[in-house]
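The values are calculated or read from the model by the stated rules, or taken from the named source; none is laboratory data. Quick caveat: nothing in here was measured; it's all calculated off a predicted structure. All Cβ positions, glycine included, derive from the backbone under ideal geometry; neighbour counts span all protein chains shown. Note: accessible area is taken over every heavy atom of the protein model, side chains too, but ligands, DNA and RNA are not part of it. Shrake-Rupley method; radii C 1.70, N 1.55, O 1.52, S 1.80 Å.
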Amino acid sequence: MPETAPEGVSSSSTDTDRFSLVDSKLLSVCLGGSLIVFVSGFVQISFGAYSMSFAEAWRALFDTTVLLDYRWLLNFLLGEGLLETLTGHQAGDLPELSTATHIVWNIRLPRVLTAIIVGVNLSISGAIFQAVTRNELASPFILGVSSGAGLMILLVLTVFSGLTTVLPLIAAVGGSIAFLLVYVIAWNHGTSPVRLVLAGVIVSTVFGSFQTAMFVFTDDIAVVQQAISWLNGSLTGVNWQHVRIALPWSAASVGLAYLSSRQLNVLLLGEQTASSLGMSVERVRFGLSGIAVLAAAASIAVAGIVSFVGLIVPHVVRNVVGSNYRKLMVGCVFVGPALMIVADVGARLALNPVQLPVGIVTGLIGGPYFLYLMRRKENLGEV
C-alpha cells in the first residue's frame, strides 16, 4: 500500500504547518470545547446535595476572600505543608469561608479541575498511541496500558499504601510494562492494527485477572469497595490533593507531546519515509510511547480506569482539523476536558443522590461510537 502524507503534512517538509497552527476550524474546536467546559463545570459546582442558584455559585466561585488572599490559593495549589513553609501561616490562620464558598472551592471545584486534567491526559495519550502504532483503534484502554497501570495502583492501594504520593510514577511503570508486552506479542516482522488490538485484549485480560485475584486476598471491605470504584473510573471524593498529584506530570506530558508533534507527523508518513528523513524510528517511537504512558498514568492515578476517552477524542478532533498533529494536540486539549466534564455531570447528577462512576458513562458513549467507526470506515485501523 503506498504511503501518503496525512492531511496538512507535506512529505518534503513537516515544518510547513506552522502557518496554519490556528485556523478557523481549530479555533472553532477550541472555543466550542471551552464553552462546554465552562457551562458543564458551572453546572457541576451549582448542583448537588447542597444546591445553590447560579448567582450564588457565581459569587462563591469568584469570592474575593479566596481570590484576593494568596494564602488561600497557595493552600489549595500547594497544600498546608508548603503553605506553612513558604508563608509561616497555618490553614487555621486563614479567613473563614462562607458555606457556599467552602463547598465550591473545597469539594466541587477540585472535581471539575481533575476532570479537565484527566480529559487532557487521556486524549493526548490516545492521539500519540494512534500515531506511534499507525492504528486509529489504539488508546490507553484498548492497548492494555490502563490495565497495567491499574494493576500497579491497585497493588499500592491494597499492599503498599505508603507509596500513594508517587502514584503517577508507579502507574507509569505498570503502563510501560503493559505496552511493551503488547508490542512484543504483536511483533512479527512488524505489527498490524489487528495484531496490536488482539495483543491489547490479551494483556488487558491477563492483567484484569490479576486485579480480580487481588480482591480475593484482601480482607478490608472498604479497600475492596474503593478499588472496585477506582477500576470503573470515578471522580467521587477527589480533592485538591488529587489535583496536586496529577498536575505536574500532566503539564510535563502535554508540553512534551506538543513539542513532539513534528516527530508524530513524520511517523505518519511511514517507517521508510521517516527513516529516509534521518529519524531513528524505533528510538522516537519508544520515547513518544513513554510520553503517552506518563499522560495516561497521571490520569489513572487520580481517576482510575476511564475508558474510551483516548479513542473518541482524537477521532473527533481529527475529523474537524485533519491529521496534522500540531493542530490535533491543541484540539485534544480542549475537546478531552469537554467530554470528561459532560460525562461527569451525567455520572453525578443523572441518578442524584446516587453517583455513578464516570467510566460507566464514558463507556456508554464510547461503545456506540466505536461501533459507528466500524460501520463508517471500510479500512478501519490505519490512521
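Below is a table of values for the structure above.
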{"read-out": "Any pair with Cβ under 6 angstrom, 6 or more apart, that starts in the stretch 121-137 at a residue that is in contact (Cβ under 8 Å) with a residue 12 or more places away in the chain and ends at one that is part of a helix (DSSP H, G or I) and of a type in the set (S, T, N, Q)", "value": "Asn121/Ser250; Asn121/Ser299; Leu122/Ser299; Val132/Ser289; Glu136/Gln130"}
{"read-out": "Search result, residues across the stretch 231-259 that are open to solvent by less than 80 Å² (accessible area, probe 1.4 Å), more than 27 Å from Leu288 (Cα to Cα) and not in a loop (DSSP other than H, G, I, E, B)", "value": "Trp240"}
{"read-out": "Qualifying positions in the stretch 367-381 - under 25 Å from Cys30 (Cβ atoms) and either open to solvent by 70 Å² or more (accessible area, probe 1.4 Å) or free of Cβ contacts under 8 Å to residues at least 40 places away in the same chain (or both)", "value": "Tyr372"}
{"read-out": "Residue in the stretch 297-316 that is more than 27 Å from Arg244 (Cα to Cα), in a helix (DSSP H, G or I) and not aromatic (Phe, Trp, Tyr) present", "value": "yes"}
{"read-out": "Those residues of the stretch 36-62 which are open to solvent by 20 Å² or more (accessible area, probe 1.4 Å), under 19 Å from the mean Cα position of the chain (by Cα) and not aromatic (Phe, Trp, Tyr), in sequence order", "value": "Ile36, Val37"}
{"read-out": "Qualifying positions in the stretch 119-141 - more than 14 Å from the chain's Cα centre (by Cα) and open to solvent by 20 Å² or more (accessible area, probe 1.4 Å)", "value": "Arg134, Leu137"}
{"read-out": "Extreme residue, farthest from Val361 (Cα to Cα), among residues of the stretch 195-230 that are among the charged types (D, E, K, R) and not in a helix (DSSP H, G or I)", "value": "Asp219"}
{"read-out": "Among the residues listed as Val173, Val203, Val112, the single one being β-branched (Val, Ile, Thr) and open to solvent by 50 Å² or more (accessible area, probe 1.4 Å)", "value": "Val173"}
{"read-out": "Residue, modelled with the lowest pLDDT, within the stretch 38-55, restricted to residues that are of a type in the set (A, V, I, L, M) and within 20 Å of Gly237 (Cα to Cα)", "value": "Ala49"}
{"read-out": "Candidates Ile312, Ile300, filtered to the one that is open to solvent by 10 Å² or more (accessible area, probe 1.4 Å) and touching a residue at least 12 places away in the same chain (Cβ under 8 Å)", "value": "Ile312"}
{"read-out": "Gln272 closer than 30 Å to Ile107 by Cα and over 18 Å from the mean Cα position of the chain (by Cα)", "value": "no"}
{"read-out": "Residue tally, condition modelled with pLDDT under 80, under 20 Å from the mean Cα position of the chain (by Cα) and small (Gly, Ala, Ser), over the stretch 158-205", "value": "2"}
{"read-out": "Some residue of the stretch 58-74 being in contact with a helix residue (DSSP H, G or I) (Cβ under 6 Å, 6 or more places away or on another chain), among the β-branched types (Val, Ile, Thr) and closer than 20 Å to Leu349 by Cα", "value": "no"}
{"read-out": "Flag for Arg59 being touching a His at 6+ places or on another chain (Cβ under 8 Å) and either aliphatic (A, V, I, L, M) or assigned to a helix (DSSP H, G or I) (or both)", "value": "no"}
{"read-out": "Residue in the stretch 206-223 that is open to solvent by 80 Å² or more (accessible area, probe 1.4 Å) and within 18 Å of the chain's Cα centre (by Cα) present", "value": "no"}
{"read-out": "Val330 being open to solvent by 10 Å² or more (accessible area, probe 1.4 Å), touching a Phe, Trp or Tyr at 6+ places or on another chain (Cβ under 8 Å) and not aromatic (Phe, Trp, Tyr)", "value": "yes"}
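Here's the yes/no breakdown for (1) closer than 13 Å to Ser139 by Cβ; (2) of a type outside the set (A, V, I, L, M):
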| site | (1), (2) |
| --- | --- |
| Ala296 | yes, no |
| His315 | yes, yes |
| Asn324 | no, yes |
| Gly346 | no, yes |
| Val361 | no, no |
| Phe370 | yes, yes |
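The rows are residues; the columns are (1) within 29 Å of Ser260 (Cβ to Cβ); (2) without any contact (Cβ under 8 Å) to a residue 40 or more places away in the chain; (3) in a helix (DSSP H, G or I).
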{"residue": "Ser323", "(1), (2), (3)": "yes, no, no"}
{"residue": "Arg326", "(1), (2), (3)": "yes, no, yes"}
{"residue": "Met329", "(1), (2), (3)": "yes, no, yes"}
{"residue": "Phe334", "(1), (2), (3)": "yes, no, yes"}
{"residue": "Val342", "(1), (2), (3)": "yes, no, yes"}
{"residue": "Gly346", "(1), (2), (3)": "no, yes, yes"}
{"residue": "Val361", "(1), (2), (3)": "no, yes, yes"}
{"residue": "Ile365", "(1), (2), (3)": "yes, no, yes"}
